[in-house]
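This report refers to the structure that appears directly beneath it.
No value in this document is a laboratory result; all are computed from the given coordinates. Values in this document were obtained by computation on a predicted structure and should not be read as measured data. Because the Cβ atoms are built from the backbone with ideal geometry, glycine has one as well, and the counts that use them run over all protein chains shown.
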Amino acid sequence: MSTTEFTQMLTKNEDSLKPFAVTLTRDVEAAKDLLQETYYRALANKEKYNVGTNIKAWLYTIMRNIFINEYRRKAKQKTILNYTPNDFLLDTQQVTTSNAALDNMQLKEIHSEIYKLPTMFKNPFMLYFDGYRYNEIAVMLNEPLGTIKSRIHFARKQLKDHINRF
């Protein structure tokens, strides 16, 4: 199969790949980047495509794998981007110290309230707090997605009622 024919097959599937990319990323600009990366990888690995098989499924798999790998990479980094100007800190001559005792006390209280939650609420809440998505938690705990969302909601509500001063 020539590169031209292969490229034509890719462009025929663009209309079905765009909504899938938006569904995964929940952002139009990120979806465009994901779609472009999918096409790049498909063209780079053209020889791995078996002629006569479902190209749409092949492209969906490439896109899903790119998204998952990027999500895992970002989760490992846990980078917090701060776009606020910090120019006011440049010329300060003051030295500040933080009192970690109050923070540690509050953190211990929060953890104790979390561990007081019933297990059916605590487990999904802790997984969500660790950065997993609802659907990933549902698969891990072998529960329906709606049940997981409900349990996390009730865990938040109970924590909010018990920890009212933060």
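Within the chain, the selection of entire DSSP H helices by a Cα span of 18 Å or greater along the long axis and an average Kyte-Doolittle value of at least -1.0 returns 28-44, 55-77, 100-116, 145-162. Excluding Arg41 itself, calculate the net charge of residues whose Cβ lies under 13 Å from the Cβ of Arg41, where each Lys or Arg counts +1 and each Asp or Glu counts -1. Cβ neighbours under 13 Å give a net charge of -1. Among Ser112, Ser98, Ser16, the largest mean-square fluctuation in a Gaussian network model of the chain, built with springs joining Cα atoms closer than 10 Å, belongs to Ser98.
Multiplying the residue separation of Leu107 and Ala30 by 0.36 nm and subtracting their alpha-carbon distance yields 24.2 nm. Within straight-line reach of Lys48, meaning a Cα separation under 18 Å, sit the following aspartates and glutamates at least 8 residues removed in sequence or on another chain: Glu5, Glu37.
Starting at 0 and stepping by 5 Å, how many percent of the alpha carbon pairs of the chain end up in each bin? Each 5 Å bin holds this share of Cα pairs: 1, 7, 12, 11, 11, 12, 11, 10, 9, 7, 5, 3, 2, 0, 0. Highest mobility in the GNM of the chain, judged by mean-square fluctuation with C-alpha springs under 10 Å and restricted to Asp130, Asp33, Asp103, is found for Asp103.
For the range 100-161, a Kirkwood hydrodynamic radius built from all Cα pairs, placed in the Stokes-Einstein relation at 37 °C and 0.692 mPa s, yields a translational diffusion coefficient of 271 µm²/s. On the beta carbon distance between Tyr60 and Arg156, with R0 = 30 Å, the FRET formula returns roughly 0.35. Quote the FRET efficiency, to the nearest 0.05, computed for Lys48 versus Tyr134 with a Förster distance R0 of 45 Å and r equal to the Cβ-Cβ distance. The value I calculate is 0.85.
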